[in-house]
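One structure coming up, written as structure tokens, with questions to follow.
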Amino acid sequence: MMAAGEPGAVEDGDRKGGLRAALGGLTTRGRSFLAAGLAAAVCAYVLGQGDLLRVGLLLAVLPLVCVTVLYRTRYRVTGTRRLSPSRVPAGAEARVHLRMENVSRLPTGLLMLQDRVPYVLGPRPRFVLDRVEAGGRREVSYRVRSDLRGRYPLGPLQLRLSDPFGMCELTRSFSAYDTLVVIPRTVPLPALRLAGEASGYGDGRQRSLALAGEDDIIPRGYRHGDDLRRVHWRSTARHGELMVRREEQPQRARCTVLLDTRGIAYQGAGPDSAFEWAVSGAASALVHMLERGFAVRLLTDDGNAVPGEGSGGFAGSTQESADAAGLMLDTLAVVGHSDGGGLSRAHDVLRGGNEGLLIAFFGDLDEEQAAVAARMRQRAGAGVAFVLDSAAWAGDEDGAGRAEERLRRLRESGWTAVPVEPGAELPALWQLAGGMRTDSPSATGGGSTAFTGRWS
């Protein structure tokens, strides 16, 4: 929740506006009264009609009095805004709650609220509040929705003051605003159970020797409650105190989700474009792998990885899965096309050769980038690639179908490569990838085994 104003915001803004700004706030009714009064006064002077002069002065003075009273009104109003929730998937609704409180000793007149929102979230909300008593409060709410992911500012909140006769309106803006984060859509995926060369993929964990954490040494001193059967007598004799052997404890297996963001790799734009499908697929994959207990890293083609507390940029090693997922989803909410033309930077990040599972979402791959992607597979324990033919997504029949050769190249290098057709559902492709075996001649064209297992 962020404050949309503080005590005195309306009063201070009003004083800064000046009397000239107050005169500029005359409504059509106020300007009409003023013009009619001046015209009646001139006619009364020319015709020598005293009664008409009095009528003209009344018509002209009334809007001026309203301006003066409204200008000198010492309203002190505070406003707060609360988003529920502050992070929503594309296409989902969020509710914005506004609360106005009169902290002055005088009741307010008619108040009109207007919150500034980007046009993609819907029409600008407007509310009319009747007289608010001293110390009173009013609460209103409205809904926002966007089919496009991104970060959208809400605010500042505008407060419009009006006199009882509707002669003058003064608009004041609070300073604070909130941010609504629209993340990519995610879909639930089948549970992943892999039994490949790298250990621990099935449950997202592998066994490592440690006592109580990664920083413990072998052996360590005896602690109350330790099993005496774990006493390491040789170390005990050396150190002169009871020492116990380290025990096995689970350590998270790793998974890298690679998103190809190259602008030249995708055609078309909009919620139904190939690039948006890839972004949504990457979001679904990383959430799924975090739920399965993996330490996940989000990597883009330009070599940028979402920072995490774990080593090597892997999030989820020491973070809660929800926090890690939120961090990466916030990044995907604003990710756009990169200016790069290749995947070499992402290839350089995968240096260790023990990166665990690699899940990639590729756009169009030419021969050179297909070769780079093939080399990436050698630096991971197992690899699954979803390859989008953006020409087919954009309806370009002449350019569609060129991805078959690239798929064959990836499969020969050990990837489990799955083509993504327009409108395809990721859970079905996820299930299909689990049923593919890269040691099958029909799947790899004779490549070596790199991915086996099933999806349950």
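The values are calculated or read from the model by the stated rules, or taken from the named source; none is laboratory data. Nothing here was measured: the structure is a model prediction, and the numbers come from that model. FYI the Cβ positions are ideal-geometry reconstructions off the backbone, even for glycines, and counts take in every protein chain you see. SASA here: full protein model, heavy atoms, side chains in, ligands and nucleic acids out. Shrake-Rupley method; radii C 1.70, N 1.55, O 1.52, S 1.80 Å.
Quick one: which of 338-350, 133-145 comes out on top by average Cβ neighbours within 10 Å, and what's the full order, highest first?
With the highest mean Cβ count within 10 Å placed first, the list reads 338-350, 133-145.
To continue, here is another question. Per-residue counts of other Cβ atoms within 10 Å, averaged by peptide: what ranking do you get for 99-105, 19-25, highest first?
99-105, 19-25
If R0 is 45 Å, what FRET efficiency do you get for residue 322 and residue 112 from their C-beta distance, rounded to 0.05?
With R0 = 45 Å, the Cβ-Cβ based efficiency is 0.70.
Here's another thing I want to ask about it. Calculate, for residue 368 and residue 151, the FRET efficiency according to 1/(1 + (r/R0)^6) with r their C-beta to C-beta distance and R0 35 Å; round to the nearest 0.05.
The formula returns an efficiency of 0.50 here.
Name the residues of the range 102-119 whose amide N is less than 20 Å from a point 7 angstrom out from the Cα of residue 72 along the C-beta direction?
104-110
Quick check on packing: order 151-161, 37-47 by the mean number of other C-beta atoms within 10 Å, highest mean leading.
Descending mean neighbour count gives 151-161, 37-47.
Here is a further query. Length gain on complete extension for the stretch residue 99 to residue 119, per 0.36 nm per residue less the alpha carbon to alpha carbon distance?
Contour length minus Cα-Cα distance gives 4.9 nm.
Further question on the same structure: Any idea what the dipole of the range 254-436 comes to, in debye rounded to 20, about its Cα centre with Lys/Arg Cβ at +1 and Asp/Glu Cβ at -1?
840
Sort out for me the Cα centre separation of the range 56-75 from the range 94-122, rounded to whole Å.
The two parts, judged by their Cα centres, are 25 Å apart.
Residue 173 to residue 345: FRET efficiency via 1/(1 + (r/R0)^6), r the Cβ-Cβ distance, R0 45 Å, to the nearest 0.05?
Between residue 173 and residue 345 the formula returns 0.55.
If you count only protein heavy atoms and use a 1.4 Å probe, how large is the accessible surface of residue 112, to the nearest 10 Å²?
About 40 Å², rounded to the nearest 10.
Residues of the range 46-89 with backbone nitrogen within less than 12 Å of a virtual label 7 Å along the Cα-to-Cβ line of residue 35, please, listed as ranges.
none
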